[in-house]
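These notes are about the structure you will find just below.
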Amino acid sequence: MDKKMNDLLEDFPILKEMINDEKLVYLDNAATTQKPKQVLDTIRYYYEHDNANVHRGVHTLAERATKQYEQVREKVVNFIGGSDPHEVVYTKGTTEALNWVAAGYGATHVHAGDEIVVSYMEHHSNIVPWQQLAAKVGAKLKYITLTADGQLDLESAKHVITDKTVLVSLCHASNVLGVVNPIKEVAQLAHQHGAIMVVDGAQAVPHMRVNVQELGADFYAFSGHKMLGPTGIGVLWGKKELLAGMRPLEFGGEMIANVGLYHTDFKEPPYKFEGGTQNIAGVVGLGAAIDYLTEVGLDNVTAHEKSLIKYVLPKLQKIPGIEIYGPSDPDIRTGVLSFNLTGIHPHDLASALDMDGVAVRAGHHCAQPLMKYLGVSATARASFYLYNTKADADLFINAILEAKEFFSNGSF
């Protein structure tokens with residue numbers, strides 16, 4: 001397994017970068033992933049050979065561009081276990097997708113006195129849109145609590161989700177705690193109360209097999225740049241009947257069926273949501289990323305990440321003064337590890353690690369309610385992906401030990 005996955009390193013040119021004269025150890029994959037040559041080459045080829053606007057021309061380039069654009073929709077629906085390409089809407093990313101659900105669906109289906117349910121582990125993108133919607137219509141926002149080790153508390157969910165709940169929105173996997181949420185069980189609970197299930201899949205789709213139908217999701221959102229694709233492209237998958245009842249938020253060319261002087265008829269989903277010139281090259285790049293992950297195999301990606309976490313987590317746990325957030329059992333974690341070292345601010349630690357070429361994230365990770373829930377202002381976070389190795393893990397641990405010694409000696 002390791003040798004097979006290590007062979008992929010040659011596909012990622014940026015991993016040859018030297019940072020402060022040290023080998024780059026890129027462990028900020030939860031924020032964005034690096035791009036393989038296959039994705040970069042596909043985007044470049046599109047611009048050099050097929051560049052044209054989609055759906056609007058009968059000339060050869062337009063037809064080639066349109067064909068690629070629509071073929072990616074088919075790749076997406078197969079990749080996430082959907083059944084109809086017309087249930088795939090292109091967005092800028094997870095954030096825009098969740099905002100569209102809140103403003104396009106929620107604004108007409110959530111009313112005063114209704115309840116919206118999220119959890120304490122959500123990214124701001126899965127909190128703020130619901131806050132805005134609740135404030136606008138007079139609904140109530142409620143939170144599912146977490147267990148002592150940071151997992152979603154299903155008992156809490158059973159109490160928080162009631163007959164007043166019209167919408168439940170949860171992350172499939174946490175960008176801080178490294179936990180995978182029991183979406184299927186929560187979706188069943190939501191549906192029993194007549195609510196719909198919205199899922200933030202940004203931290204799940206790149207790392208594990210996802211089947212939106214088996215999960216019972218009604219809407220599912222994710223981003224291309226977290227799964228080896230380019231920035232500025234993402235997906236909102238939604239059940240056809242829900243997309244049909246959702247109003248578009250942007251108006252202009254291509255999303256219309258007919259425009260009169262005082263009235264406009266919109267196209268059917270997904271096209272009524274894709275007004276104007278879309279990020280066509282981004283879509284093409286997303287398709288190449290899906291091809292790459294499909295060839296590697298999501299089961300292999302999951303197994304590789306788990307092997308790295310099983311390798312690095314015990315070493316991390318042995319460092320005096322460290323506090324790790326989320327489950328201590330590596331079998332129930334993703335490749336995300338958030339932690340703090342006593343007496344060292346996460347930003348100082350991240351800066352020290354960068355001097356050794358190790359790139360980690362430090363801050364609140366766009367999860368301030370979770371930080372408050374944990375009783376901290378920020379954490380450091382290392383997040384592993386398919387191109388990381390045990391050698392990367394060793395360099396990461398060594399860099400932490402060096403930083404700890406540096407700060408404990410007062411060298412700063």
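The values are calculated or read from the model by the stated rules, or taken from the named source; none is laboratory data. These numbers were taken from a predicted model, which means no experiment stands behind them. Cβ placement follows ideal geometry from the backbone for every residue including glycine, while neighbour counts extend to all protein chains displayed. Heavy atoms of the whole protein, side chains included, go into the accessibility calculation; ligands, DNA and RNA do not. Shrake-Rupley method; radii C 1.70, N 1.55, O 1.52, S 1.80 Å.
For the residues Thr94, Thr147, the requirement of being hydroxyl-bearing (Ser, Thr, Tyr), at pLDDT 95 or above and farther than 18 Å from Asp200 by Cβ singles out Thr147. Filter the stretch 14-31 for residues that are of a type outside the set (S, T, N, Q) and under 23 Å from the mean Cα position of the chain (by Cα) and give the result. Within the stretch 14-31, Ile14, Leu15, Val25, Tyr26, Leu27, Asp28, Ala30, Ala31 meet the criteria. For residues in the stretch 51-96 being under 21 Å from Tyr292 (Cα atoms) and in contact with a Lys or Arg (Cβ under 7 Å, 6 or more places away or on another chain), which is least open to solvent (accessible area, probe 1.4 Å)? Among them, the one singled out is Val88.
Contact annotation: residue pairs with Cβ atoms under 9 Å, 6 or more positions apart or on different chains, pairing a residue in the stretch 65-92 that is without any contact (Cβ under 8 Å) to a residue 24 or more places away in the chain and farther than 24 Å from Asp299 by Cα with a partner that is open to solvent by 70 Å² or more (accessible area, probe 1.4 Å) and in a loop (DSSP other than H, G, I, E, B), are Thr66/Arg56.
When restricted to residues that are under 30 Å from Ser338 (Cα atoms), out of contact with any strand residue (DSSP E or B) (no Cβ under 9 Å at 6 or more places or on another chain) and either open to solvent by 10 Å² or more (accessible area, probe 1.4 Å) or part of a helix (DSSP H, G or I) (or both), the stretch 24-50 contains 3.
Is it true that some residue in the stretch 257-265 is open to solvent by less than 60 Å² (accessible area, probe 1.4 Å) and not in a helix (DSSP H, G or I)? Scanning the stretch 257-265, I find at least one residue that is open to solvent by less than 60 Å² (accessible area, probe 1.4 Å) and not in a helix (DSSP H, G or I), so the answer is yes.
Would you check if there is a residue in the stretch 297-313 being within 22 Å of Val101 (Cα to Cα), in contact (Cβ under 8 Å) with a residue 40 or more places away in the chain and not hydroxyl-bearing (Ser, Thr, Tyr)?
No: zero hits.
Residues in the stretch 325-346 that are within 23 Å of the chain's Cα centre (by Cα) and outside any strand (DSSP E or B): Gly326, Pro327, Ser328, Asp329, Pro330, Asp331, Ile332, Arg333, Thr334, Gly335, Pro346. Ser125 versus (1) open to solvent by 30 Å² or more (accessible area, probe 1.4 Å); (2) under 21 Å from the mean Cα position of the chain (by Cα); (3) among the small types (Gly, Ala, Ser): which is the lone unmet condition? Only one criterion is unmet by Ser125, namely (1). Restricting Gln203, Gln151, Gln213 to residues that are of a type in the set (S, T, N, Q) and touching a Gly at 6+ places or on another chain (Cβ under 6 Å) narrows the list to Gln213. Determine, yes or no, whether Glu274 is among the acidic types (Asp, Glu) and either within 15 Å of the chain's Cα centre (by Cα) or at pLDDT below 95 (or both). Criteria met by Glu274. Within the stretch 210-256, the residues that satisfy the criterion of being of a type in the set (A, V, I, L, M), open to solvent by 40 Å² or more (accessible area, probe 1.4 Å) and closer than 26 Å to His172 by Cβ are Ala244, Leu249.
Per-residue answers, yes or no, for (1) in a loop (DSSP other than H, G, I, E, B); (2) free of Cβ contacts under 8 Å to residues at least 60 places away in the same chain; (3) open to solvent by 40 Å² or more (accessible area, probe 1.4 Å); (4) within 15 Å of Val336 (Cα to Cα):
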{"site": "His365", "(1), (2), (3), (4)": "yes, no, no, yes"}
{"site": "Lys372", "(1), (2), (3), (4)": "no, yes, yes, no"}
{"site": "Val376", "(1), (2), (3), (4)": "yes, yes, no, no"}
{"site": "Arg381", "(1), (2), (3), (4)": "no, no, no, yes"}
{"site": "Tyr387", "(1), (2), (3), (4)": "yes, no, no, yes"}
{"site": "Ala393", "(1), (2), (3), (4)": "no, no, no, yes"}
{"site": "Phe396", "(1), (2), (3), (4)": "no, no, no, yes"}
{"site": "Leu401", "(1), (2), (3), (4)": "no, no, yes, no"}
{"site": "Lys404", "(1), (2), (3), (4)": "no, no, yes, no"}
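State whether one or more residues within the stretch 196-208 are open to solvent by 40 Å² or more (accessible area, probe 1.4 Å) and polar (S, T, N, Q). No - not one qualifying residue is present in the stretch 196-208.
Taken as a whole, the stretch 137-149 holds at least one residue that is hydrophobic (A, V, I, L, M, F, W, C), in contact with a helix residue (DSSP H, G or I) (Cβ under 9 Å, 6 or more places away or on another chain), free of Cβ contacts under 8 Å to residues at least 60 places away in the same chain and within 30 Å of Asp329 (Cβ to Cβ). Apart from one condition, Ala289 fits all of (1) part of a loop (DSSP other than H, G, I, E, B); (2) crowded, with 18+ Cβ neighbours inside 10 Å; the exception is (1).
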